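Beneath this line is the structure, given in structure tokens, with notes to follow.
Computed from the coordinates by the stated procedures, all read-outs in this text should not be read as laboratory data. Being a predicted model, the structure only gives us computed values, none of them experimental. Methodologically, a virtual Cβ is constructed for each residue, glycine included, from the backbone with ideal geometry; neighbour enumeration extends over all protein chains shown.
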Amino acid sequence: MNIQTIMVVGAGQMGSGIAQVSAQAGFRVILSDVKQEFVDRGLANIAKNLSRNVEKGRMTEEEKAEVLSRLTLSTDLADGKDADCVIEAVTENMGIKTEIFKKLDEVCPPHAVLASNTSSLPITEIAAVTTRPEKVIGMHFMNPVPVMKLVEIIRGLQTADEVYQLTEDLSKQMGKVPVSVNDFPGFVSNRVLMPMINEAIYCVYEGVATPEAIDEVMKLGMNHPMGPLTLADFIGLDTCLYIMEVLYEGFGDSKYRPCPLLRKYVKAGWLGKKSGRGFYVYN
Ligand SMILES: CC(=O)CC(=O)SCCNC(=O)CCNC(=O)[C@H](O)C(C)(C)COP(=O)(O)OP(=O)(O)OC[C@H]1O[C@@H](n2cnc3c(N)ncnc32)[C@H](O)[C@@H]1OP(=O)(O)O
Ligand SMILES: NC(=O)C1=CN([C@@H]2O[C@H](COP(=O)(O)OP(=O)(O)OC[C@H]3O[C@@H](n4cnc5c(N)ncnc54)[C@H](O)[C@@H]3O)[C@@H](O)[C@H]2O)C=CC1
């Protein structure tokens, strides 16, 4: 199958990044969300990133205009009728994702691949709500999408080999490096990363050190580009909590218990950088 049009559902930080790299790779892209203001914000984010590329001499104004011309905005999932591939990047919640996959299954052409950028949720369970589980796959990009090389590709129980191959090829066309993993809670990336972040939050909770000190230890001592609490704010504390819940419930093991301080911050609406406050305050 020849992919020409990609629909990206969810125009938040991940969806806008996925739409950007898809349009830069030459695909026609439909960027969709529930409200016009959300798709407008996604497009503004893409335009800002492309302008920085122009300023840095990596792209001409004409190339930027061409990339933008390949993007259309939508607030209606029925626009999936024109898609060869859909990449879903909405909030990390099984109920929301399964509703979207049911609707996409109805409206998208039978050949269309339905991929999810979920950080941790079972692909097999998402696939099961569709009539095409063999065409459902996990395509897990990393944040910030235009910069990070990895795409973790997750096969569900019924994912067809040709759909895996197509997704691997698509990732490469977007300039990414695909890595294949099986369908377990948190896959590999968040099974390893998120307990470290959760442990750093426990260090704040128990008064072991300040957020600044914890981040300095991990940056200067382990050469991490961002400390774990800065990274948690960057990912979104709501997303971190959703992922810890998936690990905790998925494995039934107390070692994945989300830190109570993480719950408290999310309940307060302190979601990190995107809400202006998390472990740090942002203007
Ligand atoms: C939760 C999940 O399911 C999975 C995940 O994604 S987990 C998160 C994975 N991501 C990480 O771990 C990121 C860790 N942090 C980093 O790698 C780096 O701090 C970083 C790449 C984000 C920024 O790098 P830095 O050297 O500290 O800062 P900076 O020099 O400003 O940025 C480096 C480049 O990234 C670009 N960049 C930074 N943030 C960006 C963003 N949000 N969008 C697009 N580009 C961005 C900058 O423009 C800059 O590009 P140029 O050098 O070409 O100008
Ligand atoms: N934040 C991160 O670092 C990473 C997140 N992810 C995953 O990507 C997905 C999105 O995360 P973010 O972009 O960070 O979240 P975000 O909060 O920035 O964006 C989520 C978007 O989904 C939209 N949305 C919610 N319900 C919707 C619906 N019914 N239909 C259409 N759009 C809807 C929201 O309006 C919002 O714009 C999640 O599954 C998350 O786990 C994956 C890799 C990294």
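Test Gly156 against the criterion of being under 30 Å from Gln24 (Cα atoms) and of a type outside the set (A, V, I, L, M), and give yes or no.
yes
As an exercise: evaluate Ser180 against (1) outside any loop (DSSP other than H, G, I, E, B); (2) within 15 Å of ligand 2 (Cβ to nearest atom) and give the number of the one condition it does not meet.
(2)
I'm trying to understand the selection: among the residues of region 101-114, which are touching a strand residue (DSSP E or B) at 6+ places or on another chain (Cβ under 9 Å) and either near ligand 2 (Cβ under 10 Å from one of its atoms) or not in a loop (DSSP other than H, G, I, E, B) (or both)?
Listed by number, the residues that qualify are Phe101, Leu104, Asp105, Val113, Leu114.
Of all residues being assigned to a helix (DSSP H, G or I) and in contact with a helix residue (DSSP H, G or I) (Cβ under 6 Å, 6 or more places away or on another chain) in region 183-195, which is surrounded by the fewest Cβ atoms within 10 Å (Cβ to Cβ)? Just the residue, please.
The extreme case among them is Asn190.
Give the residue that is farthest from ligand 2 (Cβ to nearest atom), with candidates limited to residues of region 74-98 that are over 18 Å from the mean Cα position of the chain (by Cα) and without any contact (Cβ under 8 Å) to a residue 60 or more places away in the chain.
Out of the qualifying residues, it is Lys81.
Given the options Lys219, Lys172, name the one that is away from ligand 1 (no atom under 16 Å from the Cβ), surrounded by fewer than 22 Cβ atoms within 10 Å (Cβ to Cβ) and either not β-branched (Val, Ile, Thr) or not in a helix (DSSP H, G or I) (or both).
Lys172
What is the number of the single condition among (1) touching a residue at least 40 places away in the same chain (Cβ under 8 Å); (2) surrounded by 15 or more Cβ atoms within 10 Å (Cβ to Cβ); (3) within 30 Å of Asp183 (Cβ to Cβ) that Pro260 does not meet?
Among (1) touching a residue at least 40 places away in the same chain (Cβ under 8 Å); (2) surrounded by 15 or more Cβ atoms within 10 Å (Cβ to Cβ); (3) within 30 Å of Asp183 (Cβ to Cβ), Pro260 violates only (2).
Could you say which residue among Tyr242, Tyr202 is surrounded by 14 or more Cβ atoms within 10 Å (Cβ to Cβ), in contact (Cβ under 8 Å) with a residue 40 or more places away in the chain and within 16 Å of ligand 2 (Cβ to nearest atom)?
Just a single option satisfies the conditions, and that option is Tyr242.
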